[in-house]
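Every read-out reported here was derived from the displayed coordinates using simple, explicitly stated rules and does not represent laboratory data. Since we're looking at a predicted model, the values are computed, not measured.
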């Protein structure tokens with residue numbers, strides 16, 4: 001069963017006129033179809049990787065992923081601050097970490 005994952009376009013905020021990006025997006029796909037994933041990921045402006053084990057990946061259990069997409073907001077100190085099911089307003093939650 002293929003699930004359509006909504007695409008969130010985020011304009012990275014910059015510290016100054018240099019290209020220092022404060023916000024990074026790292027997407028892990030559980031798509032079983034590698035060709036489909038490559039085609040979809042090729043059009044995304046952020047880092048996309050694929051776990052070839054899909055929903056049977058040990059990472060699904062380790063991170064307690066119960067639905068796709070799942071969102072994890074991690075601060076600059078690599079501390080998990082919020083999970084998707086706890087986020088009411090994604091934009092406000094991201095801004096609070098910048």
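The table that follows gives values for the structure above.
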item: The range 40-98 - Rg over Rh from alpha carbon coordinates, Kirkwood radius; result: 0.99
item: Added length on full extension, which subtracts the Cα-Cα distance from 0.36 nm per residue, residue 80 to residue 96; result: 4.4 nm
